Amino acid sequence: MKFSDKLLSQTLIQLCLQHEIDHIVISPGSRNAALTIGFTGHTDFVNFSIVDERCAAFFALGLAQQLDKPVALVCTSGSALLNYYPAVAEAFYSDIPLVIISADRPVDLIEIGDGQTIRQENVYSNHILYNANCIEGKQSYNESVITEALQMAIDQKGPVHINTPFSEPLYGTVAALQVEIKRPIFNRTSENIIDDISSFAQKWNDSAKKMILVGVLPPDSLERRFIDVLAEDESIIVLTETTSNLSHKDFFPAIDQLIAPLEESEFLKLQPDILLTFGGMVVSKKIKAFLRAYPPKEHWHIDVKKAYDTFFCLDHHFKMIPNNFFHNLIPEINNVKSVYKFDFKEVSGDRLSKHSKYENVAPFSDFKVFSEIFKSLPRHTQLQLSNSATIRYAQLFHLDPSLRVFCNRGTSGIDGCTSTAIGAAWVSKLQTIFVTGDVSFLYDSNALWNNYIPNSFRIIVINNNGGGIFRILPGAKETDHFNRFFETQHGYSAKHLCEMYNIEYTMVSKLKGLKKELSVFYDTSERPKLLEVFTPSEINDTVLLEYFNYIK
C-alpha cells in the first residue's frame, strides 16, 4: 500500500476506516491529490471516480441511502465543492449520512487572488450537521474535529463537512503511515424514552377518530406486529404514500385519490381528534391543505431528531424511533369502537372502483402511461422515482407491496434523481427501475457519464416535451410566455445520449407499443436499458383533471 506523505491525509484515512466509512466517491483534481492517493492506495476502501461533482454527490447519496451508513465524497478546491450543495441539502432534510471532504489551499493563500480559491470554511453552514475546518500541521486538533464530524454523521444521520488544506507539493508518497491514531471512544446518542405514556394512552383511548399519516420511510422500518395492531382498530385510519414503504389491506394508500373529491361534510367526518405522524416528507399537497383547514385536536410526531410543524398544530414530539414508540404505547391502549375507518373504507372502495374504470377508458396520456408502467413492474424490485410529476402520479396508483420505493423528497428537487438512482442500483441486490420525466432526465444527463451502471438498471423516461406539471397547477397556463418560461418545451429525446453512453434505447408513442416493450423491458440484458415514452402534452392535464372528476 501507498500513503500520501501529508499527515492530514493519513489522519483522515485512518479515522474513516475506524468509523467503518469505506465507500469513497472521488472527483478528479490536483489539490485533493493527497486524499486521492490515500484512499485509492488502501485496499480496504471501495473507490469510485465520477467527474461531475453534482452527479458524484447524488451518486454517493444513492449509495448511502441503500448502505444505511456514511459515504464520503472527495473533491478539489474552489467551486468543486459548491456543486455538492444540492445533494448536501437533500441529505440534510432526508437524514442520509454523507461526509464531504474538500481539499483547500492553506489559509495564507485564501483571498489574495490565487487561482481556484473560494471561502470554503463553513460553506454549507445552513444545511450541515458539523463543520470540521482542519488546520495543516495541527495534528491533535485535526484528529479531534474529524472524529467529531464522522461521529456526527453516524449518530445523527446527515451530512458533515471536513475542509482539509494542503500546501504544495501535493503528490508525495510514503510506504508506511507516519501518524498513529488512538482508537476513538464511541459515545452513541441515546434515544429519549417517554417518561409517562399513560397520559398519552388515555387521550388515545378517549378518541374515536385517530389518523396516522406516514411520510418517507425506508422499507421494513415498522415491525409487522405493530402494523397488524393498528390495522385492527376501527378508530384508526392509516394514510400511507408510495414512499412510505408501508402496506396493509386496511391502510389507505393513494391519499389524493381518497380526499381530492371530498365535500365539506366528508372533510368534517375525516377530521381527526388525534393526528400521529412519522417518517419523512409528505408528498400530498391535498392532505396538507386538508389538515391545515381541518386541524386535529392534537398532533403528535415521532422522530429521533426533529418534528416539523407542517400542519401548524404540533403538540408533542416523541424523540424516538417509531418501533420504540409503539412498543411503549400499544400495551396501554384499547381498540375503540368507531365508524371512522368504516366510513372511509366505503369511500375508498368506491374510489378504487371508479379508478379502475377510468384506467380502462383513459386515452393515451401521462396518466395512462403511468398506469401501465406501475402494473408492469416486476415484484421484488427497487423502484426509484424522480420528482415533480412522476412522484405525484405515483401517489394515485396502488403499487405491489414487494416493491421498495425511493425518491429524493428532502428538497424535492429534480437535479440529481438519475444519479441517486444509479448509486442505489450499484448497491442494491435487486433490479433497480428508475421512472422519470424528460426535464428531470435531461437536467441530470451527466449522471450517465458513469462507469458503475449495472446492466440490470432500467430507465423509463416519460417525455411530454417539457415541464408538464405546470399545466396542472392552477393559473399556470394562463400566464404570459407559458410554453417558453414555465413548461420549457424542448423537442429533445434521450436517443443520442443512449448512443453515447452505450445504453440500449427504445421509444414508443402508442399504447400498443408501450405494452409490447414493457413485456420484455425488464428481462436480462448485456447493457442497461432506457425506454422513452412520448405522450401528448396538450391533453395530459385535461386527462388528469377529468380523472378527479370521474372518481367523485
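The values are calculated or read from the model by the stated rules, or taken from the named source; none is laboratory data. Quantities reported herein were computed from a predicted structural model and do not represent experimental measurements. Cβ sites come from the backbone with ideal geometry, for glycine too, and all protein chains shown count toward neighbours.
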Show me the strands (runs of 3 or more DSSP E) found entirely inside segment 45-122 where at least 2 residues are within 30 Å of V282 (Cβ to Cβ), out of contact with any Leu (no Cβ under 8 Å at 6 or more places or on another chain) and not assigned by TED's automatic domain parsing to the domain that holds A33.
none
Among the residues of segment 381-408, write down those that are in a loop (DSSP other than H, G, I, E, B) and either in contact (Cβ under 8 Å) with a residue 24 or more places away in the chain or among the β-branched types (V, I, T) (or both).
T381, S386, N387, S388, Q395, L396, F397, H398, L399, P401, L403, N408
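Which one of these is exposed (fewer than 15 other Cβ atoms within 10 Å of the Cβ) and closer than 30 Å to I551 by Cα: K341, K285, K306?
Step by step, each of K341, K285, K306 is checked, and only K285 is exposed (fewer than 15 other Cβ atoms within 10 Å of the Cβ) and closer than 30 Å to I551 by Cα.
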Looking at segment 283-299, can you tell me whether even one residue there is outside the structural domain of R471 (by TED's automatic domain parsing) and among the β-branched types (V, I, T)?
yes
Does any residue of segment 446-462 turn out to be crowded, with 24+ Cβ neighbours inside 10 Å, closer than 30 Å to S348 by Cβ and outside the structural domain of F252 (by TED's automatic domain parsing)?
yes
Hey, does segment 326-348 have a residue that's hydroxyl-bearing (S, T, Y) and free of Cβ contacts under 8 Å to residues at least 40 places away in the same chain?
no
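Kindly evaluate F251 against the criterion of being at negative phi and without any contact (Cβ under 8 Å) to a residue 40 or more places away in the chain.
Taking the combined requirement at face value, the residue satisfies it.
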When you look at I472, is it under 25 Å from Y358 (Cα atoms) and under 15 Å from the mean Cα position of the chain (by Cα), yes or no?
no
If you go through segment 457-510, how many residues are of a type in the set (S, T, Y) and out of contact with any strand residue (DSSP E or B) (no Cβ under 7 Å at 6 or more places or on another chain)?
4
Condition first: crowded, with 20+ Cβ neighbours inside 10 Å and among the hydrophobic types (A, V, I, L, M, F, W, C). Can you find one or more residues in segment 472-482 that meet it?
no
Got a sec? Which of F374, F370, F441 is crowded, with 20+ Cβ neighbours inside 10 Å, among the hydrophobic types (A, V, I, L, M, F, W, C) and over 25 Å from H496 (Cβ atoms)?
F370
Within segment 521-552, the residues that are over 28 Å from the mean Cα position of the chain (by Cα), assigned to a helix (DSSP H, G or I) and surrounded by fewer than 18 Cβ atoms within 10 Å (Cβ to Cβ) are E538, I539, T542, E546, N549, Y550
Taking segment 303-316 and keeping residues under 15 Å from L213 (Cβ atoms) and either under 23 Å from the mean Cα position of the chain (by Cα) or without any contact (Cβ under 8 Å) to a residue 12 or more places away in the chain (or both) leaves D303, A307, Y308, D309, T310, F311
If we keep only residues of segment 448-483 that are among the aromatic types (F, W, Y) and in a loop (DSSP other than H, G, I, E, B), then the residue farthest from V533 (Cα to Cα) is Y452
Within segment 498-520, restricting attention to residues that are without any contact (Cβ under 8 Å) to a residue 40 or more places away in the chain and β-branched (V, I, T), which residue is surrounded by the most Cβ atoms within 10 Å (Cβ to Cβ)?
V508
Need the failing condition index for D256 against (1) crowded, with 16+ Cβ neighbours inside 10 Å; (2) outside any helix (DSSP H, G or I), just the number.
(2)
I need the full set of residues from segment 79-122 which are under 27 Å from G410 (Cβ atoms), surrounded by fewer than 19 Cβ atoms within 10 Å (Cβ to Cβ) and among the β-branched types (V, I, T), in order please.
I118
Just name the residue that is farthest from the chain's Cα centre (by Cα) out of those in segment 328-380 that are in a loop (DSSP other than H, G, I, E, B), aliphatic (A, V, I, L, M) and closer than 25 Å to N463 by Cβ.
A362
Matching residues in segment 414-437 - criterion: being out of contact with any helix residue (DSSP H, G or I) (no Cβ under 6 Å at 6 or more places or on another chain), in contact (Cβ under 8 Å) with a residue 12 or more places away in the chain and surrounded by fewer than 24 Cβ atoms within 10 Å (Cβ to Cβ)
W426, L430, Q431
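Which of the residues that make up segment 453-512 are of a type in the set (A, V, I, L, M, F, W, C) and at pLDDT below 80?
I469, F470, I472, L473, A476, F482, F485, F486
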